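This report refers to the structure that appears directly beneath it.
The values are calculated or read from the model by the stated rules, or taken from the named source; none is laboratory data. Remember, predicted model here, so these are calculated numbers, not experimental data. As a convention, Cβ positions derive from the backbone with ideal geometry for all residues, glycine included, and neighbour counts pool all protein chains shown. Only protein heavy atoms, including side chains, enter the accessible area calculation; ligands, DNA and RNA are left aside. Shrake-Rupley method; radii C 1.70, N 1.55, O 1.52, S 1.80 Å.
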Amino acid sequence: MAVLPTLAAARRIADDLMDGLAGTGVRKAAHGLRRLFAVPGLGLADLSGSLVWSGRPGDDGTVAKLLDEVLHNEAPGARSELIALPLHVHDELAGVLVIAGDVKSAAAKEAADLVVHALERGRLEASAEQAAQAELRALRAEISPHFVYNALTVIASLVRSDPDRAYELMLDFADYTRYSLARHGEYTMVAEEFRAIDSYLALQRAVLGERLRVQVRVAPEVLAIPVPYLVLEPLVENAIRHGIEPRGEPGLVQVHGQAEGNDCVITVEDDGIGMDPERAEDILAGRDADGSLGLANVDRRLRTVYGPFYGLVVETERDAGTKVTVRVPRFQPGVLPS
């Protein structure tokens, strides 16, 4: 059998099994396995015993008895021209592979191994997705109580002296909390992230006054690019909280977004106190005891979505400010705004 068509068929089978033996692709996987191993009939069953069959069906009673035996004993079984193999994923029984016809045991084992590896991959990717969602929930929970208190105190102080300004800031606060805390889909657009940044910066300028200067520039061609939700605003919050606030004198935060070839590049830079590069490395690795408003969290989420060549790049030095760069592809399959 030609190598490339075989590899392509195995990849398609693995993709069809991403949602497990009870998923919508299991029938296509059964068809693909039967053709790949050139057997008259092949079935896949989950733990409920529900069998999805492709090709020549065997005797229903014989198949049912064999399937029940393998599910209970978790060991291979055979009946005339039927062979059934248990499918163990991470040492746990996940289902059964049933093959009809005169097939060698080595070929049957290869088919079972292919299914098991596909199921393991599906579970790992599902676990990564669950971890990403958990990290997103953690980011939502990281809104600084100190910032909320200061913002509301400033708004309250303006209610009598400048009610129009107080009203505008209250709207900014509502937008900020809505975006940070409300339930969202997995992805949004760069424009929405920058809108949240604008609301946050308006509140911080009210709190810090002349101590905070801001420069925001974003190229129109990147505004509609989809990105994981809540990956930019935490970087701006980090720049102000850990860069500008501790220095005790006016500081500048610059946020720029532009297209570079097939990528969207967004930078958040401050001229604050900076840090040792070794500490920045610890932060991105999640080893920093003080944390840094989820930089490691954001970095992991970006790498999960786009692969190991993406993520955050942090340039910093003590007393020399910090620059964080986010680079994402302008087009990525499966990344669509909700």
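The table for this structure:
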| item | result |
| --- | --- |
| Unique residue being outside any strand (DSSP E or B) and in contact (Cβ under 8 Å) with a residue 40 or more places away in the chain when the list is L97, L42, L33 | L33 |
| Considering residues of the range 271-284 that are free of Cβ contacts under 8 Å to residues at least 40 places away in the same chain and in contact with a helix residue (DSSP H, G or I) (Cβ under 7 Å, 6 or more places away or on another chain) only, the residue least open to solvent (accessible area, probe 1.4 Å) | I283 |
| Selected residue (only one of V335, V324 is among the aliphatic types (A, V, I, L, M), surrounded by 14 or more Cβ atoms within 10 Å (Cβ to Cβ) and not in a loop (DSSP other than H, G, I, E, B)) | V324 |
| Breaking point among (1) in a helix (DSSP H, G or I); (2) open to solvent by 10 Å² or more (accessible area, probe 1.4 Å); (3) under 17 Å from L252 (Cβ atoms); (4) not aromatic (F, W, Y), for Q204 | (2) |
| Hits in the range 94-115 - residues which are touching a strand residue (DSSP E or B) at 6+ places or on another chain (Cβ under 9 Å), open to solvent by 20 Å² or more (accessible area, probe 1.4 Å) and at pLDDT 90 or above | K109 |
| Some residue of the range 281-288 being closer than 23 Å to Y200 by Cα and of a type in the set (D, E, K, R) | no |
| Residues that are closer than 13 Å to Q204 by Cα and not basic (K, R), drawn from the range 214-245 | V214, E233, V236, E237, N238, A239, I240, I244, E245 |
| Residue satisfying condition, being free of Cβ contacts under 8 Å to residues at least 60 places away in the same chain, open to solvent by less than 20 Å² (accessible area, probe 1.4 Å), within 25 Å of the chain's Cα centre (by Cα) and within 19 Å of D198 (Cβ to Cβ), within set V218, V222, V253, V268 | V268 |
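Per-residue answers, yes or no, for (1) crowded, with 19+ Cβ neighbours inside 10 Å; (2) at pLDDT 90 or above; (3) in a loop (DSSP other than H, G, I, E, B):
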residue: L4; (1), (2), (3): no, no, no
residue: M18; (1), (2), (3): no, no, yes
residue: A22; (1), (2), (3): no, no, yes
residue: A29; (1), (2), (3): yes, yes, no
residue: G49; (1), (2), (3): no, no, yes
